[in-house]
1. Look at segment 1-26 and say how many of its residues are surrounded by fewer than 18 Cβ atoms within 10 Å (Cβ to Cβ), touching a strand residue (DSSP E or B) at 6+ places or on another chain (Cβ under 7 Å) and part of a loop (DSSP other than H, G, I, E, B).
2. Across segment 4-28, what is the total count of residues that are away from the ligand (no atom under 15 Å from the Cβ) and in contact (Cβ under 8 Å) with a residue 60 or more places away in the chain?
3. I need a count of the residues in segment 61-98 that are farther than 19 Å from residue 128 by Cα and in contact with a strand residue (DSSP E or B) (Cβ under 7 Å, 6 or more places away or on another chain).
4. Considering only residues that are surrounded by 22 or more Cβ atoms within 10 Å (Cβ to Cβ) and either closer than 19 Å to residue 124 by Cβ or free of Cβ contacts under 8 Å to residues at least 24 places away in the same chain (or both), which ones fall in segment 61-74?
5. Looking at 52, 1, 32, 40, can you tell me which residue is over 21 Å from residue 141 (Cα atoms), over 14 Å from the mean Cα position of the chain (by Cα) and away from the ligand (no atom under 12 Å from the Cβ)?
6. Exactly one condition in (1) away from the ligand (no atom under 16 Å from the Cβ); (2) over 15 Å from the mean Cα position of the chain (by Cα); (3) free of Cβ contacts under 8 Å to residues at least 40 places away in the same chain is false for residue 57; which is it?
7. Return yes or no: is residue 71 within 10 Å of the chain's Cα centre (by Cα), at pLDDT 95 or above and under 17 Å from residue 55 (Cα atoms)?
Ligand code: DQA
């Protein structure tokens, strides 16, 4: 099946951006690892990063047309602000897993609220780049279940 890794604002700076919080791996490293992990499980991973809300929304709409089965969604700061991203994810009705490198609940109070989490399958937060790997593992397991 098709799996989409969707990365929001500032995640293009991974590796150089606040490495104590977000680690030293670049987004390219993470995407390459995810593509390999998905392929080994018999799936196809594509990825998309944008700093612009409307472009992320456009990619979510496209995911319906290209029959994406699951989205790994790190919306970055839009997680805490964007009703529009929430509405896009609801509109396409594609199951998604919310992902964060950092443990958002151990950080500033404004990161504790997510506009996405209650419509997500689940959330992985706090494991650095492993958050994506764990989320992909969960996605693969879910896709293997007949009801998925
Ligand atoms: C983040 C957490 C968000 O609060 C922050 O705005 C980000 C990255 C994470 O992956 O830990 O940009 O989504």
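1. Of the residues in that region, 1 qualify.
2. Of the residues in segment 4-28, 1 are away from the ligand (no atom under 15 Å from the Cβ) and in contact (Cβ under 8 Å) with a residue 60 or more places away in the chain.
3. Total satisfying the criteria: 9.
4. Within segment 61-74, 68, 70, 71, 72, 73, 74 qualify.
5. Residue meeting the stated conditions: 52.
6. (2)
7. Against the criterion (within 10 Å of the chain's Cα centre (by Cα), at pLDDT 95 or above and under 17 Å from residue 55 (Cα atoms)), residue 71 qualifies.
The values are calculated or read from the model by the stated rules, or taken from the named source; none is laboratory data. Being a predicted model, the structure only gives us computed values, none of them experimental. Cβ sites come from the backbone with ideal geometry, for glycine too, and all protein chains shown count toward neighbours.
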